[in-house]
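Okay, so here's the structure we're looking at.
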Amino acid sequence: MNQEKILVIDFGGQYNQLVARRVRECNVYCEIYSYKTDLEQIKAMKPKGIILTGGPDSCYEEGAASCSRELFELGIPILGLCYGAQVMMHVLGGHVCKAPVREYGKIEVAVDRSSKLFADVSEKTICWMSHNDYIEKEAPGFTIIAHTPNCPVAAAESAERQLYAFQFHPEVLHTQEGKKMLHNFVYGVCGCMGTWKMDAFVEMSIQAIREKVGDGKVLCALSGGVDSSVAAVMLAKAVGDQLTCVFVDHGLLRKNEGNEVEEVFGPNGPYKLHFIRVNAQQRFYDRLKGVEDPERKRKIIGEEFIRVFEEEAKKIGAVDFLVQGTIYPDVVESGLGGESAVIKSHHNVGGLPDYVDFKEIIEPLRDLFKDEVRKVGLELGIPEKLVYRQPFPGPGLGIRIIGEVTPEKVTMVQEADAIYREEIAKAGLDREIGQYFAALTNMRSVGVMGDGRTYDYAIALRAVNTIDFMTAEAAELPWEVLSKTANRIVNEVKNVNRVLYDCTGKPPGTIEFE
Ligand code: GLN
């Protein structure tokens, strides 16, 4: 495809995908390549600009990730970020060494607004820093365009060579005017037009899947969640009836969810694929009988899910590809891949059924963030109801029922949750709140209804706001919404006589209850 593109050169930073994402937000196509990529290959791609990412190394040490001097002589605009800036200075004759004071966190930076990159940026602006080394002396021909009390070269440029170096990270949101700076680079320096949109991503992905799959057979485990649904539709559009989707209804879904999934993907839906719904509710209830421990419940649900999926897969026989709705935050949790250091490893419970017979995995959403996945979903024509579905844990309502799971309790929490969601939507808050749901506590308490004594369960309502799901705050819901919801739940849901609101943040709480 002949379109303008920016290359991101990966030196192993933690925010590389974020850099790519910010470029995509400027409507410019972007690809990430290792710093080991051959110079000729880079030239052949004719990028409008190059961004060098951060990285864990110290550029002056033996064996550190680096790049050639020629990269800076191609006449292509280059922006180095943190490690990328240090490498640029080091290679071009500046001096980088261990900083006397390392900087970490939000730091006020004084910028020279006459630089193209700081057009419309405030003179003093908060930027995010994370470095042990610093640029002690800029390379010959460079001018300092930003500094902090501890960092003499917070940014430098050689405007006639179109080379720019930032010690801070404009890609993270803590850098208050970071988006503007990247926008200035992409438009003001690289001269991009901003013609790339999500529809182009969808088109390119579909094309790539077609080429990869050929006339092979594809299998997809559909959970009904946003990610697997978007991945499934993309595959369906690419290879049609070569795709089989297996949807395991474990009886722990939200109210009506199983049917909603079937409406979209089933034989009456718009897609030409093979859809298999396995109604395994009773199997799951049987195995969960008498089990109270949250971890055991999770394990049982995960294992049983794989078992059911495996049984179905066996009936289908060998397939060539298995589709996974992995998105970028999942990749981060399990180690970043690429050049990045593994910060923590992540065991995905109920993950890959390794006994299913397939050759290769397809993960069409691997580079995207959640909101981008939603955009792709809309682009593919998936109903909004599905696209804006809230995050839902794999073990489903199983971990929103404290203690033993029974079919009766599932009904209680389904009904209460449906009422809660309805009231939130009526109040117009459904797109505003990060995540909200009802859970069934294991507590029973005394109440009075119709002049008689009751001894029934308590529903807990939860609503949190979060940017990244790593930390969260309890949402301050309007009292009318809470009281109306509480009222309806007690009146309409059998065996519930009390409703509580969870005011705990994360940390110390988690978003889910178990
Ligand atoms: N490792 C380099 C330093 O500590 C760069 C860090 C970074 O890119 N965030 O200064």
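The residue of region 100-119 that is nearest to the ligand (Cβ to nearest atom), among those that are surrounded by fewer than 19 Cβ atoms within 10 Å (Cβ to Cβ) and at pLDDT 95 or above, is 108. Taking the condition within 17 Å of residue 154 (Cβ to Cβ), among the charged types (D, E, K, R) and part of a loop (DSSP other than H, G, I, E, B), does residue 102 pass? When the stated conditions are applied, residue 102 does not pass them. Total residues in region 177-207 satisfying the condition of being surrounded by fewer than 15 Cβ atoms within 10 Å (Cβ to Cβ) and touching a residue at least 40 places away in the same chain (Cβ under 8 Å): the figure is 7. Scanning region 71-84 for residues that are within 16 Å of the ligand (Cβ to nearest atom) and either more than 22 Å from residue 136 (Cα to Cα) or of a type outside the set (A, V, I, L, M) (or both) yields 80, 82, 83, 84. Only one entry in 193, 129 is under 18 Å from residue 7 (Cα atoms) and either among the β-branched types (Val, Ile, Thr) or at pLDDT below 95 (or both), namely 193. Checking each residue of region 376-389 against the condition of being closer than 30 Å to residue 296 by Cβ and at pLDDT below 85 gives no match.
Listed by first and then second residue, the pairs linking a residue in region 485-514 that is outside any loop (DSSP other than H, G, I, E, B) to a residue that is surrounded by fewer than 16 Cβ atoms within 10 Å (Cβ to Cβ) and not acidic (Asp, Glu), with Cβ atoms under 6 Å apart and 6 or more places separating them unless they lie on different chains, are 497/447; 498/445; 506/471.
Within region 17-45, the set of residues being outside any helix (DSSP H, G or I) and free of Cβ contacts under 8 Å to residues at least 24 places away in the same chain comprises 36, 38. Within the set 23, 8, the sole residue that is away from the ligand (no atom under 16 Å from the Cβ), closer than 20 Å to residue 204 by Cα, aliphatic (A, V, I, L, M) and surrounded by 17 or more Cβ atoms within 10 Å (Cβ to Cβ) turns out to be 23.
A quick yes/no check of all residues on (1) touching a residue at least 24 places away in the same chain (Cβ under 8 Å); (2) in a helix (DSSP H, G or I):
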{"site": "56", "(1), (2)": "yes, no"}
{"site": "60", "(1), (2)": "yes, no"}
{"site": "64", "(1), (2)": "no, no"}
{"site": "71", "(1), (2)": "yes, yes"}
{"site": "75", "(1), (2)": "yes, no"}
{"site": "80", "(1), (2)": "yes, no"}
{"site": "86", "(1), (2)": "yes, yes"}
{"site": "90", "(1), (2)": "yes, yes"}
{"site": "93", "(1), (2)": "yes, no"}
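Filtering region 51-65 to residues that are near the ligand (Cβ under 10 Å from one of its atoms) and either closer than 19 Å to residue 188 by Cα or polar (S, T, N, Q) (or both) leaves 52, 53, 58. When each of 126, 135 is tested for being touching a His at 6+ places or on another chain (Cβ under 9 Å), within 12 Å of the ligand (Cβ to nearest atom), β-branched (Val, Ile, Thr) and touching a residue at least 40 places away in the same chain (Cβ under 8 Å), the lone residue that passes is 135.
If you go through region 30-48 one residue at a time, do you hit one that is closer than 18 Å to residue 196 by Cβ, crowded, with 23+ Cβ neighbours inside 10 Å, at pLDDT 95 or above and of a type outside the set (Asp, Glu)? Looking through region 30-48, at least one residue is closer than 18 Å to residue 196 by Cβ, crowded, with 23+ Cβ neighbours inside 10 Å, at pLDDT 95 or above and of a type outside the set (Asp, Glu). Scanning region 207-242 for residues that are farther than 24 Å from residue 396 by Cβ and of a type in the set (D, E, K, R) turns up 210, 211, 212, 215, 217, 237, 241.
With respect to being more than 18 Å from residue 174 (Cβ to Cβ) and within 11 Å of the ligand (Cβ to nearest atom), residue 33 falls outside the description. Could you name every one of the helices (runs of 4 or more DSSP H) located completely within region 357-439 that has at least 3 residues being within 16 Å of the chain's Cα centre (by Cα)? Of the helices (runs of 4 or more DSSP H) lying wholly inside region 357-439, those with at least 3 residues that are within 16 Å of the chain's Cα centre (by Cα) span 370-379. Picking from residues in region 41-50 that are in contact with a strand residue (DSSP E or B) (Cβ under 9 Å, 6 or more places away or on another chain) and of a type in the set (D, E, K, R), the one that is nearest to the ligand (Cβ to nearest atom) is 48.
Residue check: is residue 68 out of contact with any Phe, Trp or Tyr (no Cβ under 8 Å at 6 or more places or on another chain), under 21 Å from residue 139 (Cα atoms) and near the ligand (Cβ under 10 Å from one of its atoms)? No; evaluated as a whole, the condition is false for this residue. Residues in region 120-159 that are among the charged types (D, E, K, R) and surrounded by fewer than 21 Cβ atoms within 10 Å (Cβ to Cβ): 120, 123, 124, 133, 136, 137.
Considering (1) more than 10 Å from the ligand (Cβ to nearest atom); (2) surrounded by 14 or more Cβ atoms within 10 Å (Cβ to Cβ), the lone condition that residue 87 does not fulfil carries the number (1).
Figure legend. Inter-residue proximity from region 446-461: first residues in contact (Cβ under 8 Å) with a residue 40 or more places away in the chain, second residues assigned to a loop (DSSP other than H, G, I, E, B) and surrounded by fewer than 19 Cβ atoms within 10 Å (Cβ to Cβ), beta-carbon distance below 7 Å, spacing 6+ or different chains. Indicated pairs: 456/495; 457/495; 460/502; 461/502.
Okay, residues lined up against (1) surrounded by 13 or more Cβ atoms within 10 Å (Cβ to Cβ); (2) aromatic (Phe, Trp, Tyr); (3) out of contact with any Leu (no Cβ under 6 Å at 6 or more places or on another chain):
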{"site": "419", "(1), (2), (3)": "yes, no, yes"}
{"site": "430", "(1), (2), (3)": "yes, no, yes"}
{"site": "439", "(1), (2), (3)": "yes, no, yes"}
{"site": "449", "(1), (2), (3)": "no, no, yes"}
{"site": "458", "(1), (2), (3)": "yes, no, no"}
{"site": "463", "(1), (2), (3)": "yes, no, no"}
{"site": "484", "(1), (2), (3)": "yes, no, yes"}
{"site": "492", "(1), (2), (3)": "no, no, yes"}
{"site": "511", "(1), (2), (3)": "yes, no, yes"}
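The values are calculated or read from the model by the stated rules, or taken from the named source; none is laboratory data. Quick caveat: nothing in here was measured; it's all calculated off a predicted structure. With ideal geometry, Cβ positions are generated from the backbone for all residues, glycine too; neighbour counts draw on all protein chains shown.
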